[in-house]
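Read the structure below first, then the notes.
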Amino acid sequence: MFDSHFHVTDPRLITHKDVIDSQLTGVEIGADFESLPAIFEFSATHEHVYCTAGVHPAYADMYSANDMENFVAEHLNFKKFVAIGECGLDYHRPDLPARERQVEVFVHQIHLADRYKKPLVVHSRDSWEDTAEVLFAHKSKLKNGVLIHCMSYTAEQAEYLLNHLNGIDVYFAFGGHITYKQKAFLHDTLRTIPLNRILIETDAPYLAPTPKRSEVNLPQYIRYTAEVMAKILNKTVAEIETLTANNAYRFFKIKAAQ
Ligand SMILES: [Zn+2]
């Protein structure tokens, strides 16, 4: 299974002896600037792990446009550096950075993705309208592709995004959310999205799928999410595995292993 989004260098996981085996396959996602060197190092030393450079909106107050651009420019030749992000907007809690600041940091990373020709990994939580507005306003800078990670919006919203970003390769990654009863509306969202635009992720150590919910999420729990996605799409787990891996290879521009 190609896990398009995890944070296994997180202290909760890196010390967890069952997590890191030689089969771990996917993308270690950058979320705060300080951790980027460790993330790139982890990717360099794990055969099937790729990496991204990004700053999550929760860390927007610490963002330095110069430092970030220098880091990206300095690592451009590293073959496993596949995307900019995660970046975006998170209005879930009142103690998160000011919305104006989040937008500024998000927009800067959109510019970096365009300038350095990388696809963009977007985090958007409880911020649908502003996320859509920022993406539409910067449509010309999204030519390398956009991935909405941990898709948590409705089928109508997904369609709206696909229509307004026509001509742009927009992908959506589904995680543990889709296994939650309260998020059953995501079944429709999944069915609405073209099959060649669907990815799977764990977001480990966050968002563990049912029946592991509320535990620390491990990469191997991706199977529970794949089972639910298979049922919704009337496919086998093996088909979901192949489909999402091929989509991930295309989005991240990774040469397929098979
Ligand atoms: Zn994440």
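The relative contact order of the chain, computed from alpha carbon pairs under 8 Å that lie at least 6 residues apart in sequence, is 18 percent.
Here's the picture: charge each Lys and Arg Cβ at +1 and each Asp and Glu Cβ at -1 in segment 3-252, and of A204, H56, T189 the one pushed furthest to the positive end of that dipole is T189.
Note on the chain: GNM, Cα springs under 10 Å; of Q102, Q182, Q157, the largest mean-square fluctuation is that of Q182.
Between K235, K79, K17, the GNM of the chain built on Cα springs shorter than 10 angstrom shows K17 fluctuating the most. Considering only T236, T154, T210, the Gaussian network model of the chain with Cα springs below 10 Å gives its largest mean-square fluctuation to T236.
Dipole magnitude for the chain: about 780 debye, using +1 per Lys or Arg Cβ and -1 per Asp or Glu Cβ, origin at the Cα centre.
Every number here is computed from the coordinates shown, using simple stated rules; none is lab data. Keep in mind the model is a prediction, meaning the values are calculated, not measured. Ideal geometry is used to build each Cβ from the backbone, glycine not excepted, and the neighbour counts take in all protein chains shown.
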